[in-house]
1. Tally time: how many residues in segment 79-92 are surrounded by fewer than 20 Cβ atoms within 10 Å (Cβ to Cβ) and either within 21 Å of the chain's Cα centre (by Cα) or part of a helix (DSSP H, G or I) (or both)?
2. Evaluate the following for I199: is it aliphatic (A, V, I, L, M), modelled with pLDDT of 95 or more and in a helix (DSSP H, G or I)?
3. Quick one: in segment 227-236, which of the residues that are within 7 Å of the ligand (Cβ to nearest atom) and open to solvent by 10 Å² or more (accessible area, probe 1.4 Å) is farthest from L22 (Cα to Cα)?
4. Kindly evaluate G187 against the criterion of being within 23 Å of the chain's Cα centre (by Cα) and under 19 Å from N161 (Cα atoms).
5. For segment 51-102, give me each residue that is touching a residue at least 40 places away in the same chain (Cβ under 8 Å), at negative phi and of a type in the set (G, A, S).
6. Quick one: how many residues across segment 202-226 are closer than 18 Å to F20 by Cα, assigned to a helix (DSSP H, G or I) and touching a residue at least 60 places away in the same chain (Cβ under 8 Å)?
7. Name every residue in segment 35-62 that is in contact with an Asp or Glu (Cβ under 7 Å, 6 or more places away or on another chain), among the β-branched types (V, I, T) and part of a helix (DSSP H, G or I), in order of residue number.
8. Among the residues of segment 180-198, which ones are more than 10 Å from the ligand (Cβ to nearest atom) and either in contact with a helix residue (DSSP H, G or I) (Cβ under 9 Å, 6 or more places away or on another chain) or among the charged types (D, E, K, R) (or both)?
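The values are calculated or read from the model by the stated rules, or taken from the named source; none is laboratory data. A quick note: this is a predicted structure, and the numbers were derived from the prediction, not measured. Ideal geometry is used to build each Cβ from the backbone, glycine not excepted, and the neighbour counts take in all protein chains shown. To get the accessible areas, we keep the full protein, side chains included, count just its heavy atoms, and leave off ligands, DNA and RNA. Shrake-Rupley method; radii C 1.70, N 1.55, O 1.52, S 1.80 Å.
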Amino acid sequence: MEYKVLSNGVQLPMMGYGTFQLREGEECRQCVARAWEAGYCLFDTAASYGNEKSVGAALRDLGVPREEYFVTTKLWVQDAGFDNTLRAFERSLENLGLDSLDLYLIHQPFGDVTDAWKVLEEAKAAGKIKSIGVSNMTPAIWKEFVLQFQTLPAVNQVECNPFFQQRQLRELLAEGDVKIEAYQPLGHGDNTLLSHPEIVKLAEKYGKNSGQIILRFEVQDGLIVLPKSTNPERIAGNLEIFDFALSEAEMETLRALDTGKGHHDPEAPGVVEMLLQNFKVHD
Ligand code: A2P
């Protein structure tokens, strides 16, 4: 595993196990346990994924010291604002069965994000969270909110894959040494991406599968990636990207696949209403 040093000095693994859409219960517990066995030590969940209890239970069942794994969870959009964030943070800790988090993110940039951020800063100062960050912030949204923050987020977790490389955002965040975490780094299993001729060609050359080529490209390009799989071979296989390197010419070929467009547009009208309708974390 390779590590990325965040602006606060914390070393974060460059690949974590994403748990979006893993059902609370046996499926989620088994996948998290498998991922640990395969070699993942960063686990990414969220209040809105509805599986914090299973992620936490699976990690506790490992019986290993707490400092051996990293846990990220996220504040849901329903809980923006000072008091709501305080309650939501405690609820997530309780669900996970942990007394501290490695990374806590503001999941969606809507509502009273500024007061939510103050709660995160205080919890970090109190030692309850090691690193704090945001998610789904486009350059415009970043400028709208982050200018009001006292401290910069350590990460911004956004959709990112070879068809949507977030170049403008990367330039902006690099100015403040803010790291990008790529969610859906495999394009959420998009077959046009996985079967793209340039990617297939490299897969054949290096004796890897398309997913491994994409993840290698992203990590080599400086991203922290959070692939998701429920398949035991792919859970393990996705980690096998640290034993080869793409040439600079190959990196350029893959950089050229960028279309500048993703699936989720946080600036689209009606997004917050859609999110609130689709994910309700409490009454
Ligand atoms: P599966 O769970 O059957 O492995 P993302 O992380 O971008 O959201 O992508 C997740 C999707 O990609 C899932 O449908 C997952 O299916 C699939 N997937 C994960 N790893 C690979 C891989 N190495 N090659 C092809 N598909 C993959």
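1. Residues that pass the stated criteria total 7.
2. Criteria met by I199.
3. R234
4. Answer is yes for this residue.
5. Within segment 51-102, G56, A57, A88, S92 qualify.
6. 1
7. Selection gives nothing.
8. Hits for segment 180-198 are I180, E181, H196, E198.
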